[in-house]
Structure formats: structure tokens, C-alpha cells
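One structure below.
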Amino acid sequence: MKKSVRSAGARLLFLALLLAGLSIARLHAQSPSDASFLASLGQLREVSFPDKETIIAQLAQSGHPSAQSALTALLEDRLYFRNDDQMVFLLKAPAADDATSLTLVDPVTLKDAGSAPVENLTKIGTNNHLRRVLQTTLARFRLSSPDAAVRLGAVHDIEQNLDEGNVKLLRERVAAETDSKVKAEISTSLAMADLDSPDAPVRLAAIAVLHKSLRQDVLNKLSGVAGTSDGGEGDSDPQVRAAAQSAVKSITRWRTMYSWCETLFFGLSLGSVLVLIAIGLAITFGVMGVINMAHGELMMLGAYTTYLVQVAMPNHGEISILVAIPAAFLVAALMGILIERTVIRFLYGRPLETLLATFGVSLILQQLVRSIFTALNRSVNTPNWMSGTLQVNDALSVTYNRLYIVIFTLLVFAALFVVLKRTRVGLEIRAVSQNRAMARAMGIRSEWVDALTFGLGSGIAGVAGVALSQLTNVNPNLGQSYIIDSFMVVVFGGVGNLWGAMVGGMSMGVVNQLLEPYAGAVLAKIFVLIVLILFIQTRPRGLFPPTGRSSENQ
Amino acid sequence: MPNYTLWISARKDSGSAWFLGALAAIAVIVPVLNLAVPAASPFHVSAFGLTLVGKYLCYALLALSVDLIWGYCGILSLGHAAFFSLGGYAIGMYLMRQIGSRGVYGNPELPDFMVFLNYKSLPWFWHGFNHFAFALLMMIVVPAVLAFAFGWFAFRSRVTGVYLSIITQALTYALMLAFFRNDMGFGGNNGFTDFKDILGFDLHSDKVRVTLLVFTAVVLGASYLACRAIVASRAGRVMRAIRDAESRARFLGYRVESFKLWIFVFSAVLAGIAGALYVPQIGIINPSEFSPINSIEVVIWVAVGGRGTLYGAAAGALLVNYAKTYFTSTIPEAWYYALGTLFVLVTLFLPRGIVGLVTGRARKRKTATRPAVPAETPEPSRK
């Protein structure tokens, strides 16, 4: 094991040296004088588009150290010439619409060369075809970058245009490539090119390589070879055709499996939002027997807190969301305790009245937020470390924000579990919820526990608001759109049971997501509702009904 | 307590007299003020005013239907807007068919929105709605069937209390989502509007408006008497028993589910009729009528007026809606504060609503020696 690692390392080092040597050698041996480089650039001013293509090829092969920068500038519309002396320059940044003077960069030395008024500069134009050519040409430069990710991107760009030259380039590269991912990508591209080979064994070998790929374009191309795509005859060689057919089958199967995985993940991420909301509800609804219709609005307060924290610390966008989590918990928890002390405690034992009163509170909170922040959408920025996608493979990608929300939900769930099962407060909460009179007799201050429990449930609503702010716009109606779903979760999972909320929320999310492609979002929701109504026929108290003495009084 | 029922029915009757009297007064005075008083006079009631009064009366009927099940049977439905809207949609479909070729696209068969959405022919569920009688039948049948199906499942499995409230709320929410869809064939989020006439009479003429208003008042009065008859009957006493102690009623041998189911269906039909009366007067029906908040607002009308009195519910509907009209036209931002505060204050301090406040005072003055009637039997117990 150790030996192979060492030898691989040695090979890597050797290759790197070789490459470096090669490129340096090329630079020095073949580099034409700067004058001819400038002359080529100068020609770009007046020639037709087809001629520009030839010049671009010349520049690319010239090996001049500044060629890549010049071509990049051309691609990005930053290559200009000065009208009075016809000198070619790069712009430091793309020209803004309202700029009056532009900063110039010398094309050879790549150093600043002063600036010039807009009127005195003329852009060297490109067209769509040229831009494509430029992209592949530049990709060749990037193919020798030391960064594997850059090389991978370059391969992707080159694939768009697999002509003879590019194929040759890739073949050279695949031998030298050390990164397995890049290597596999190049092999796939080469195999794609090989599919057009007149030689049947070559085509067969190519199919053997492509067999493991998961890419859509590979699948399309193989379908063509297999003759399964509509109207296509397929390959002339029956053996190749059969191989292609089996490859198509295998790829399709894997792709289907991964798309199920993706749906599952989407469902779980959707479900975890519901879980976050429902565990807060489960505490207030289950432990205290209180229906809190203002739960959605507490969530909205959490989302607005996230927004305010972000506004308050504009220079720390990356961590503001981490600050927002405890802040939102506190804001929502304090508001929850306020609601409990002023309204709910007078209504214990009258669940229907509590429902109405808290609904009134939700109206007031909504209007309050509308008065302060207006009804406009506020957007909370997603920090960089939460944006983007995790590309698991060609058929499966996962967005980071959804991934983090799933993880976050699990963390909150675990934390709550620990609080309820392992702390003194949790013990008291459970005691009061099971038998209030007995708990009081044991010296627990049930009033205090009530306020605390309500604060805890509300705080979790606030935390759920932080998560929601990453998924949707923040507006005063935020809470309403989720609250009915989360009540469904609580009813489905069983009142007052954290596991019920967890299983209920996740399965509702997954079922919704599974049905959506067939029935559309709305019908999926309606279907879930009908199933739920039928479900409580058989289990009127949800998946995890309360057991023992506490179930008697419900 | 033998005196208790007697006393209650006597008190109810005076309330009924007041309510029916006020209703008759509205049904006479408002049309006269509209038709006979010249437009320049300050006492003239405009077409807008007529519509407004008509709307309030429809809401009063809806409140009546909610009070019947909540006040007397303990079923807190947060989904009555669904039955209201379904009744409205049934009559709306008739009114849409009546437009005929006078629509924007001039299609004699298809309503405008269908032409717009490229329907080739009328969907099957639209057939028959060109007949007024069929629409009337549907306005009763559709809410009744939905209520029956829903209630049959819900009550049989003993879904009670807040669970039932949440599920009814989900029901109306699901229907709202469904009706927002264009391919449901009910006009999507625009719903139905631009009605022309009903039974050949122009809906925009004052005489037809007055007729509709008087008709609404008559239906409201008749429904009130029907509800009174129900709650005064033996079945009504069983309903109250279910409200106060469901298990005990069951152990005494009453089929609690059946009682609940039939009263729920009857209440849904009343709500459907209210919707059907509402749509021709207001001139529009769209899916936002289904929204859960509408249903909850109905409950607060009942709570403000006084649950379990019927006339209190109707009075609450008139009062709260008048306040709503007033607030939304003068200080719109304040309306939700006012409504929210109303929810909180009424549940905290006025568990028997305004009626409870009035009769409570009267009772104190008159019968200081009589043992107090239990104000509100609390729910069995908390855990």
C-alpha cells in the first residue's frame, strides 16, 4: 500500500516536472517576437470573421505568454483598439454602459497602460461562432492548468466541439493526466468521439468505456447507435448495436435509480422544514394541549430576525446566519412567553378558545410586521458556503442549502431530544405533561414550566424561520403557507411525540415529492390530505399515539 | 333542574322575536329607502348599500350554520367557507351559462374563460347548469355530499375537538388550492364574474337587487326558525348533551356519530345556500372565498355575537362585518389589529359574546336569587 502511494507520488512529481519543462521549453523556443504577436492582434481590427478565426488559431499556437489573456479579453469583449494610433489594448474590466473613460492594459506586458475616453476606443467584435471557437481554444490553455477543477472545466468546454484537433489534444492529455476524475471525463469524451469511428472494434471499445457513464448526452448518442431513438436505424454492425443497446439499458437503469435518490433527497429536505415546524408545534400541542395558531407567525418573526441580523452586520455576510440562529430563537421564545403569560394561561383546558385567541394573536403579529416592514418581500442572502451544488455524479446533484437544512433539522431534533430527556427542565416538562397534579404535588412550579415549554416550542419555531428564510422570500404571509401542512404532520405523527413529528414530516415531504411529477403540486397536496383523513380512520391518534395514563384524558 | 330548560326557552323566544322583528324591518325599510326615496335624499340607500346589506344577511346565514354545530353540538368547523363557496360556485355556474353569447368571445356554449383556455367543449360537470332548478339542486347536493363524506369519515373515527377543526381547515385549504387550478374547469383564480341576468331578469337593476335582498331575508328568517325547531327538539337536547359530555351521551345509548353527521350536513347545506344567495348579489366568486381565514372569521362572528344562541351569531355577523366595512374603508391597516384584538378579547373576557353580556346583566337584575346557570361547561379536562 505504502509503496504504491510513494510510487504514485513519484510519478506525479515526475509528470509535473515534465509538463513544466515542456511548457517552459515551448515558451522560450517557439516564442515569436512580441512584434509578430502585436501584428497578429492588429490584424484582428479589420479582417472578416472567418479570417479572425485563422488569426485566433495562430495566436493560440504562437505560445506567446500573453496569448491566453488576449484571447480571453476577446471572448469577454474586452479587446479594443485606440482610434488615433490604432494600438490594440485590453480593458481592465468590461466596459460599463455609462463609463466615460476606460482603464487600458498593455497586451504584451499585461501592465496598466493608462486610460482613454470611450469615444477614442473601438471594440474588436466577435460573433457566436467565434465565441465558440474561442471557448474551445481557451479550454486548451486551461487543460494544462495545475488545478484539476480547471482542467475538468476545460474538458467540458472542449467536448462541445469534438473536432479532429481537439480529439488529438485530448488523447495527448489523457496519457499525462493524473487526476482520476479528469481522466475519466477525458476517456468518456474520447469514447464519444470514437463512436463515430469507421472501425467496428474501436466503436465496441468505446461503448465498453461509455457503459459506466451516466451522462445524458452519452445516453442520447448511444441511443442513436443502438437504434432505439426514434427513427434511427442504429449502427450498421449488429454486434455494436447489441452492445450499445445493453449499455443504454444499463445507463437508463442507473439514471432512474439516481433520479429516485434525488427525489428522495428533495422529499427529505422538504420534509425537514415540516419537521422543524412540527416539533415546535408538537411541544406546545402535545405537552401543553394548546393549539398555537400563531406558530407560523413566530416562524415569520424568526425569518425577519434573520433578515435584521443580516442588515445589522453587512460586512459579515458569511456568518450572519450563524448569529441569526440564537437570535431568532430568543426573539421567538420571548414572544412566545409573552403570548403564554398574557393570553394562553387564562385559557388552559379550553383548546377551542385557545385556537381562536392565538389566531387573533397571529393576525396582530402579521399586521404588526406588515406595518413595520411593509408587505414587500425581503430576501435573505445565502452565504457562499451554503450555495452551490454538490455534484455526487453525473446523474445526481444535491444543492448545499437543502443539504444543510436536513443536517440542521437533525441537529435541532437531537438537541431538543437531549433537553427533554437529559435535563432537569426536560424532566419537569415531561412530568407536567403526564400528570399535572402529581407534578405540582412533587414541588414543580407548573406555571413556570408552562411558560418555559411554550417558550421552547416558540423558539424552535423561530429557528425554523431561519431555515425557511434560506428557501423562500421573507414576507408577512410566510407562516401561513406552512402552518396547515405542519398541523397535518402533527396529526399524522401523533400528538406530543417528537418521533411522530420526525417520521410524519419526513414521510409527508417524500410522499409529496414522489407524487408531484405525476399529479402536480396541488393534486399531490390534496391526495396527501385525503390519505391522511383515511389514515386517522384506523389510527385516530396518529402514528405514535400517547400511551399509558397520559392518553386517558385526551 | 326542571326550571332551566323552561327558562332558557323563554329567554330564547324573546331573542327570537327581536331577531325576526329586526330582520323584517331590514327587509322592508331598506328596499323602501332604495326604491321610493329619491336619490338626492340623504335617506336614499344606493345600489352599493343594497348589496352591502344583502352581503351581511348572507353572512348572517353562514354564521347561523356555524353556530348550529359549534354552539349546540361542539363541532368547531374551520372549513365552513368551503360549503359556502361550493354553493356559490353552483349558482355561479348557472349565471355563467346564462351569459351565453353576450360574453367577450361571444361563444353561445362556452363561458369566456373556457374559450380563453382553449376548451373545445363543455366539461361533463357543467352540463345541466343552464337549468336554474338543476343549479338549485346542486347548491344543496354538492355541499351536502361533501359534508356527508367528510363527516362520515371524521365522526365515525371519533375525530373530535381541535383535531376536527384542523382537518376541516385543511379541507377548505385543499379545495382552495384545487379551485385555483385552471384545469379544474372553474375559471382558475379569476373565478366567475361579469354575470348578466338571473331567470331572465337583469342582475344590475335595482328591482332585482331588492328582490334578492328580500328573498335573502326571508331565507334567513326561515332558516332561523328551522334551526330553532331543531335545537328545541329532542335531537337538539341530545346535541347539547354531546357538546357538554360526548362520552356520557354515547354511554347513555345515543348514536353520537349519527347526530353529529346529520347536523353537520344540515349546517353545510345552510352554508351552501348562504353562498348561493351571496354570489348573484356580489357578482363574483373566486377561489379566495375558500381561504381558511374566511372560515375562521365566521367563527369569530359567532363568538362575538354569542355562541349557542343562533340570533347572537347572526347579530355578530352583522356587527363584525359592519365594523369591517367601516375599518377597511377608513383605516385599512387597523382592521387586522382590530380583528385580532377582537379574537383575543372575546375569548378571554366574553365567552358568551355580546348576547351573554346583555342577558347576563338582565338576569342579574331580575333574578338575583336564582342559582346561576353554568356559563360554559368546560371541556372535560386537560391532561
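Can you work out the FRET efficiency for the pair B:N182 and A:A441, with r the C-beta to C-beta distance and R0 = 60 Å, to the nearest 0.05? Each step should come with its number before you reach the end.
Values: r = 61 Å, r/R0 = 1.02.
Computed FRET efficiency for B:N182 and A:A441 comes out at 0.45.
Per-residue Cβ counts within 10 Å, from other chains only, averaged over B:150-163: what number is that? Display every interim value, and only then the final one.
Values: counts 1, 0, 0, 5, 4, 0, 2, 8, 4, 6, 2, 6, 11, 11.
Taking all residues of B:150-163 together, the mean is 4.
Tell me, rounded to the nearest percent, the portion of alpha carbon pairs in the range A:262-313 spaced more than 15 Å apart. Present the calculation step by step, with values, prior to reporting the outcome.
Working: 805 of 1326 pairs.
Counting pairs separated by more than 15 Å, the tail of P(r) holds 61 percent.
For chain B, what is one quarter of the convex hull surface built on the Cα atoms, given in nm²? Walk me through the intermediate numbers first.
On the way: hull surface 85.2 nm².
The directionally averaged projection comes out at 21.3 nm².
List the residues whose amide H sits under 5 Å from the amide H of A:F89, counting only those 5 or more places along or on another chain, with H placed 1.01 Å from N in the peptide plane.
When sequence neighbours closer than 5 places are left aside, the close amide H contacts are A:Y80, A:F81, A:R82.
Short version: what are the Cα gyration tensor semi-axes of the range A:31-126, square root of 5 times each eigenvalue, largest first, in whole Å?
Value: 21, 14, 12 Å, ordered largest first.
Calculated from DSSP H runs of 4 or more alone, at -39500 (n - 2.57) each and per residue, what is the 222 nm mean residue ellipticity of the protein assembly as shown, nearest 500?
Working: 34 runs with 635 residues, N = 937.
My calculation for the protein assembly as shown gives -23000 deg cm²/dmol from helical runs alone.
Any chance you could give the angle, 0 to 90 degrees and rounded to 10, that helix B:2-35 forms with the longest Cα principal axis of chain B?
Tilt of helix B:2-35: around 30 degrees.
At a 10 angstrom cut-off on C-beta neighbours, averaged per residue, how do the peptides A:66-72, A:250-256, B:267-273 rank from highest to lowest?
Details: A:66-72: 19.9, A:250-256: 15.4, B:267-273: 28.6.
Top of the packing list down: B:267-273, A:66-72, A:250-256.
Which order, highest average first, do B:75-86, A:145-156, A:484-495, A:180-191 follow once you tally other Cβ atoms within 10 Å for each residue and take the mean per peptide? Could the numbers behind the result be given before it?
Values: B:75-86: 30.0, A:145-156: 16.3, A:484-495: 25.4, A:180-191: 19.2.
Ranked from most to least packed, the peptides come out as B:75-86, A:484-495, A:180-191, A:145-156.
So how tilted is helix A:216-226 from the main axis of chain A? Cα-based, degrees 0 to 90, rounded to 10.
Around 60 degrees separate the two axes.
Within 10 Å of each Cβ of B:296-306, how many other protein chain Cβ atoms are there on average?
Details: counts 7, 2, 0, 4, 4, 0, 0, 4, 0, 0, 0.
Other-chain Cβ atoms within 10 Å of each residue's Cβ, averaged: 2.
What list of whole percents do you get for P(r) of chain A, with Cα-Cα distances grouped in 20 Å bins up to the one holding the largest distance?
17, 33, 30, 17, 2
Please work out the Kirkwood hydrodynamic radius for the range A:131-236, using every pair of different C-alpha atoms, and report it in angstroms with one decimal place. Intermediate values should be presented prior to the final figure.
Values: mean 1/r = 0.0699 Å⁻¹.
When all Cα pairs of the range A:131-236 are included, the Kirkwood radius is 14.3 Å.
Kindly express, to the nearest 10 degrees and within the range 0 to 90, the angle between helix A:446-469's C-alpha long axis and the longest C-alpha principal axis of chain A.
For helix A:446-469, the angle is close to 20 degrees.
Cα extents of the protein assembly as shown along the three principal axes, largest first, in whole Å?
118, 76, 66
Could you work out, residue by residue across A:525-536, how many beta carbons of other chains sit within 10 Å of that residue's beta carbon, and then give the average as an integer? Intermediate values should be presented prior to the final figure.
Details: counts 5, 8, 1, 2, 7, 3, 0, 2, 10, 2, 1, 7.
Per residue, the number of nearby Cβ atoms from other chains is 4 on average.
Search the structure for amide H atoms under 5 Å from the amide H of A:S115, placed 1.01 Å from N in the peptide plane, and list their residues when 5 or more places away or on another chain.
Residues meeting the amide H criterion: A:L104.
Every read-out reported here was derived from the displayed coordinates using simple, explicitly stated rules and does not represent laboratory data. Everything quoted here is computed from the prediction, not taken from an experiment. FYI the Cβ positions are ideal-geometry reconstructions off the backbone, even for glycines, and counts take in every protein chain you see.
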